[in-house]
Amino acid sequence: TLGAGLMPAAAQERKTVTLPPPVRHPLAAPPSLDSAEAERETPLLGANYRILISATEKGRKSGELSAQTCSASFQINGCLAMPTADDPHGADLSVRGELSELEGGGLRLGYSLAVTTRVPSQTFGMPGSGQAVMSTYSFKKNGATGMLLLQPGRSYELMQISGVVYSLSITPMETWPAAKAAAPAPADAPKDAAAGPGEKPPDAAPRRGPTDEDRRRYESLSDRAREQFREALRQHFADEKFRNSPEEVRRAKIKELFDKAEAEDKGGSR
């Protein structure tokens, strides 16, 4: 038949196509996190600072985020506003900053702030009817960038959106390299002499952080010498008597520790 005559011809026209094997690319190894390398690349500040970001609406605080760092570069992400029935996800916030210390105790901050909020766009169903009610939302993003001169501990407004004020404060928690200690009172005066009846004694003035010379000497040390230097400082500042000693006594001891670390580091491997 005609169909039977065509079958062999069709069979002859078939070709077997061999696909090449798939090319497999090896997965790249994740970058290693070398703490020593990160320490060299990231500038360090003279204190541990608490960075607090808060949202206030009509005089009432609606949420806050905070983090601590001694790095000059920082980033904070999170849900800022407290969840509510109308907005169970709150407001998402992201802030990046570059912080530097100024002579006289001030701070300079370069920042980039982004806030994402949900805005109801449409609702389906009748509330209170017993039927399911569905709402759709759109996301609204607001942002600001800028530079600020700060005084530690004071709050500064970064941005205001629809009556919500976003503020930031940066407070030193402890001076480098150990916790801030109370200033010693005169030997012939009681500890609470400066406080009135029923009042708390005034807080001590913040300790002075490292000088530029301190930082230069610290950065010139090898990784091993830095660790030994930090451990020696921790041991000294763990002593309350040393923490409460006069500033010049502490500075002299730190200089002595630097001299010792540099002398021992010259013969060691870096």
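Looking only at the range 91-135, residues that are more than 30 Å from N48 (Cβ to Cβ), β-branched (V, I, T) and in contact (Cβ under 8 Å) with a residue 24 or more places away in the chain come to 1 in all.
May I ask you to list the residues in the range 234-249 that are crowded, with 16+ Cβ neighbours inside 10 Å and either more than 26 Å from the chain's Cα centre (by Cα) or within 19 Å of A263 (Cβ to Cβ) (or both)? Break it down into steps so the answer makes sense when it comes.
Taking the range 234-249 first, the residues crowded, with 16+ Cβ neighbours inside 10 Å are 236-237, 243, 245.
Across the range 234-249, the qualifying residues are H236, R243, S245.
Assess whether A263 counts as being modelled with pLDDT of 85 or more and not charged (D, E, K, R).
Details: modelled with pLDDT of 85 or more: yes; not charged (D, E, K, R): yes.
Spelling it out, A263 is indeed modelled with pLDDT of 85 or more and not charged (D, E, K, R).
Selection of the range 141-152 for residues being of a type in the set (S, T, N, Q) and either more than 20 Å from S100 (Cβ to Cβ) or out of contact with any Ser or Thr (no Cβ under 6 Å at 6 or more places or on another chain) (or both) yields N142, Q151.
Looking only at the range 136-168, how many residues end up being in contact (Cβ under 8 Å) with a residue 40 or more places away in the chain, surrounded by 11 or more Cβ atoms within 10 Å (Cβ to Cβ) and not in a strand (DSSP E or B)? Of the residues in that region, 2 qualify. Each residue in the range 229-252 was checked for being part of a helix (DSSP H, G or I) and over 28 Å from S100 (Cβ atoms), and 5 pass.
Taking the criterion of being loosely packed, with under 11 Cβ neighbours inside 10 Å and polar (S, T, N, Q), the residues of the range 90-135 that qualify are S121, Q122, S129, Q131.
Within the range 41-77, restricting attention to residues that are under 14 Å from Y166 (Cα atoms) and basic (K, R), the residue that is surrounded by the most Cβ atoms within 10 Å (Cβ to Cβ) is K61. The set of residues from the range 112-140 being among the hydroxyl-bearing types (S, T, Y), touching a Ser or Thr at 6+ places or on another chain (Cβ under 7 Å) and closer than 30 Å to T69 by Cβ comprises just one member, S112.
The values are calculated or read from the model by the stated rules, or taken from the named source; none is laboratory data. Only a predicted model underlies this, so the values are computations on that prediction, with no experimental measurement involved. Glycine also receives a Cβ, built like all others from the backbone with ideal geometry; neighbour counts cover every protein chain displayed.
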